[in-house]
Structures are given as C-alpha cells and as structure tokens.
Amino acid sequence: MMQFRCFWLIASLAFCGWAGSEDRQPPPSKDAQDPLARQKQSVSAMHSSLDAQRQAIRRQSGRAAGQSFFLLPPAAHTVHISSTPACDPLPAAAVDSLVGQAADREGIDPALIRGVMRQESAFRPCAVSEKGAMGLMQLMPGTAADLGVADPFNPQENLGAGAHFLKQLLLMYGGNVSLALGAYNAGSSRVNQFGGIPLVPETMDYVQKILAMMPPLQ
C-alpha cells in the first residue's frame, strides 16, 4: 500500500511539473503571428527622404549596369498615343486645377501626381500604351474597373482614380515614394518579390525621372 501511494505521488508531481512547464511557455509574439505587420514595420523604417531615395536610385542604376549584360542602359519611358482621335496635351490651367483637386482629396503632394502624369502620358488624356494602359495616369483596364472608372479617357475621372491608386501604394509601402512609384510602373507583386525597386531599366528610369521632378525637401 505504501509503495502504491509513493508511485501515485511521484506520478502526480511529474504531471504537474509537465503541465506547469507548458503553462510557462511564452505566448508567440504578435510579430510572429503577423508577418504582414513585420513587413509593414520594415518598410516604414526605410528612408523617407526624397533626396536619399534619389541617391539610392542612382547607385542602384550604376550597379545594375554592371551586374548583367542582359540589362540595357535605362531607356526613356515611352508613351504611345492613340491616333484616333488626335489628342493634344491638356492646357496648363486644366492640369493645375485637376492636380490640385486630386492632391487635396487624397492628401498627397501635387508635385508627385504631376510627375507621374507627365511621365505616364505627357498630359495627353487619350494616351494608350502598347499594353493597353489608358489616359492621363495610364490606368490598365483591370485597375480602371476596380476603381470604378466608367470612362478612362475622361481627364477628371482618370486623374482622380490614378491619384487614389497612387495613395493606396503609398500606404502599402509606408510612405516610401520610390517603392510606390516602382509598384505603379511594374506592379506591387514585382516590388514585393524583389524586395525593392525591380532591376528593370524602364522602372528604374521611371522612378528616377519622377523623383528628379519633385522639389527638394527643405
């Protein structure tokens, strides 16, 4: 009888010790539970200074040229204009008005919207790219549909949707202008896959040119 009691006591202590050690395991951290939170934190920690981003793009461009002979020197971002109907650039006053409205509505720098529009379409509302991007901000058909654009060649509608899409990208990348521009040109999936601006000559040239149009930070 005494042996049975001792065995029961030892077994009970062993079970309690095992359960206690299980209870003492630290809960998984919030970061471990949410990889997206870690990604957002790392993105938001990147340089936000446009001057620093300009320098980084220049250095990256220099490295890309020497990394592979398959990479050609950056080429200008080309826009192919629809031949019918003929399309002239919007007057400067109209551009100023549309850009100001979109910037106020989305809360982003009007110089950024203007730079994207200049690089995308050269202010031509009927611009159409080889891949089918349309209008002032060169919206792809799927993007235009997702943003509820009925007429992508309507300047106000196109610019409003393009500015909203640009704001979404800025939020996605923690305000990093370079990454947002890279995603606007090459797609967010390629930026995420590369972990930065893809080493694509057109995209790197695109980002660098728009950043060069931005006024320097004071």
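The values are calculated or read from the model by the stated rules, or taken from the named source; none is laboratory data. What you see is a predicted model; the values in this text were computed from it and never measured. Every residue, glycine among them, receives a Cβ derived from its backbone with ideal geometry; neighbour counts consider all protein chains shown.
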Considering every residue within region 132-145, establish whether at least one is assigned to a helix (DSSP H, G or I), in contact with a strand residue (DSSP E or B) (Cβ under 8 Å, 6 or more places away or on another chain) and farther than 22 Å from K209 by Cα.
yes
Checking the condition in contact (Cβ under 8 Å) with a residue 12 or more places away in the chain, among the hydrophobic types (A, V, I, L, M, F, W, C) and touching a Cys at 6+ places or on another chain (Cβ under 7 Å), which residue from F165, F153 passes?
F153
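Condition check ((1) in contact with a Gly (Cβ under 6 Å, 6 or more places away or on another chain); (2) modelled with pLDDT under 95; (3) aromatic (F, W, Y)) across all residues:
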site: S121; (1), (2), (3): no, no, no
site: K131; (1), (2), (3): no, yes, no
site: L136; (1), (2), (3): no, no, no
site: A145; (1), (2), (3): no, no, no
site: G148; (1), (2), (3): no, no, no
site: F165; (1), (2), (3): no, no, yes
site: V177; (1), (2), (3): no, no, no
site: V207; (1), (2), (3): yes, no, no
Taking the conditions exactly as written (in a loop (DSSP other than H, G, I, E, B), modelled with pLDDT of 95 or more and surrounded by 23 or more Cβ atoms within 10 Å (Cβ to Cβ)), does L159 satisfy them or not?
no
Within region 79-98, identify whether any single residue is modelled with pLDDT under 95, within 20 Å of V200 (Cβ to Cβ), of a type outside the set (F, W, Y) and not in a helix (DSSP H, G or I), and answer yes or no.
yes
G195 fails exactly one of (1) within 22 Å of P89 (Cβ to Cβ); (2) without any contact (Cβ under 8 Å) to a residue 12 or more places away in the chain, namely (1)
